[in-house]
Amino acid sequence: MRSEVPETPLAVMAKPVGSRCNMRCAYCYYLDKGKYSENKKQTRMSFDLLEKLIRQTVAASPGPVVSFTWHGGEPTLAGLDFYRKALELEKKYLPKGWEAWNNLQTNGLLLNEGWCRFLKENRFDVGLSIDGSMEVHDLNRRLPNGAGTFERVSASIRRLRETGVEPDLLCTVNAVSQEKPLEVYRALRDTGCIWVQFIPVVIRDARGGAAPGSVTPEGYGRFLTAVFDEWVRHDLGVLDVQLFAEMARIMAGGQASLCWMSPTCGHVLIAEEDGAVYSCDHFVDPEHRLGTLHEGSLARMAGGEFQRAFGLGKREKLTDECRACPYLRFCNGGCPKDRFGLSAEGQPGQYWLCPGLKAFFAHAQPVLERVMAMSAQGKTSPEIMAAL
């Protein structure tokens, strides 16, 4: 019912094959989530559940654009017929004048010509994971037999672009890549793609701290600063880096579109292959299980007391250091999953990557202010880069 539509637009990240994947990435946080499935063995979301998912997502949306993000695990393992069925069901349930926006987040291994044509013809946005150069990528992103995947992933990027699909590149920043920011960034730039996201890898150890393989706060700050300096002096107007674009949006008076940068969260639910619905991609566990697609509406789950408290907790549980921080508007305390550090006063719950982000924001903000001022004066990107 439209009366159930939440005040803040709801987004759903669908996991059609659960945590199943054809890669074994060293830093993967999702591969073991299949242990929570009600199915003895994860297979593929049934068409019955798929229909419930699409019907409930449309019902919970204010329209006229309804977002569907297909994630994993590796969502292409569901097969093309699954997505053909999804498109058929979207057309069935979308009100007149509405449209669906489909986003596929993939490792790229299965993207042959047939997949690329399908994605192009049906206007899918594609996010593709690659960790920069071959040396860095193949250290972590491997097949189950241990073989590297860089060449296959790079071929998929070329295939997508040749078909007319411009993929967004998702690159992790980890213990290895933090030491090679320009090598990583330039390798991504050389693909010809125009949108890059950098995702920090933070793995928790048994004691609740950061495990080996995680990016360090200082390393993260140095990485972002080096990439920013390269980008703003050489690639302004050529490609966009998500974090830099979000900073500029906020500085211009807008709102961040990334959940970890927003004041509150909890608006992106997870729908697993068995129909279970969870609070967040990083909180797939029994404590954050909101219900199932069989039991009730996504709108009710999103608007329930537990999920509201989960989302508001991002703002309400800020440390005193965060509340007093001059850069609070940019990160709003960071992702709750990584709030295991101590503030300067020893208060628990500080965003672990805070020191690195502070250093980066302090470096980048005045430069972005200059860039935005020159842009407002009508200067072109080449003129701005020359001035810098």
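For the reader, a short list of remarks on this structure follows.
- Within region 206-312, all pairs of alpha-carbon atoms sorted by distance into 5 Å bins from zero give the percentages 2, 10, 14, 14, 14, 15, 13, 10, 6, 2, 0.
- Sum of side-chain charges, residue 235 neighbourhood, beta-carbon under 14 Å (Lys, Arg +1; Asp, Glu -1): -1
- With contributions of -39500 (n - 2.57) from each DSSP H run of at least four residues, the per-residue ellipticity at 222 nm computed over the chain stands at -11500 deg cm²/dmol.
- Farthest toward the positive end of the dipole of the chain, out of 324, 110, 386, is the Cα of 110, where the dipole comes from beta carbon charges about the Cα centre.
- When the chain is treated as a GNM with alpha-carbon contacts under 10 Å, the residue of 166, 179, 305 showing the greatest mean-square fluctuation is 305.
- The fraction of accessible area contributed by carbon and sulfur in region 35-155 is 48 percent, rounded to a whole number (1.4 Å probe; ligands and nucleic acids excluded).
- For region 102-259, accessible area per residue (1.4 Å probe, heavy atoms of protein chains only), Å²: 42 Å²
- Rounded accessible area per residue of region 1-91, 1.4 Å, Å²: 47 Å²
- Each other residue within a Cβ distance under 12 Å of residue 218 adds +1 if Lys or Arg and -1 if Asp or Glu, for a net charge of +1.
- Cα-based convex hull volume of region 267-337 per residue, rounded to whole Å³: 89 Å³
- Mean Cα-pair separation over length for region 78-144, i.e. relative contact order, pairs under 8 Å, 6 or more apart, %: 30 percent
- Per-pair calculated FRET efficiency, R0 = 41 Å: residue 285 and residue 386 via Cβ, rounded to 0.05: 0.20
- Charge dipole of the chain about the Cα centre (unit charges at C-beta), most positive-ward option of 194, 68, 149: 68
- Placing one equal scatterer on every Cα of region 263-303 and applying the Debye formula, the log10 ratio I(q)/I(0) at q = 0.18, 0.26, 0.28, 0.32 Å⁻¹ is -0.43, -0.87, -0.99, -1.23.
- Between residue 41 and residue 84, the C-beta separation translates, for a Förster distance of 22 Å, into a calculated FRET efficiency of about 0.35.
- Tensor-based shape of the chain (alpha-carbon gyration tensor, a/c under 1.5 rounded, otherwise prolate or oblate): rounded
The values are calculated or read from the model by the stated rules, or taken from the named source; none is laboratory data. In this text the structure is predicted, and so the values were computed from the model without any measurement. Every residue, glycine among them, receives a Cβ derived from its backbone with ideal geometry; neighbour counts consider all protein chains shown. Keep in mind that these areas ignore ligands, DNA and RNA; they rest on the heavy atoms of the full protein, side chains included. Shrake-Rupley method; radii C 1.70, N 1.55, O 1.52, S 1.80 Å.
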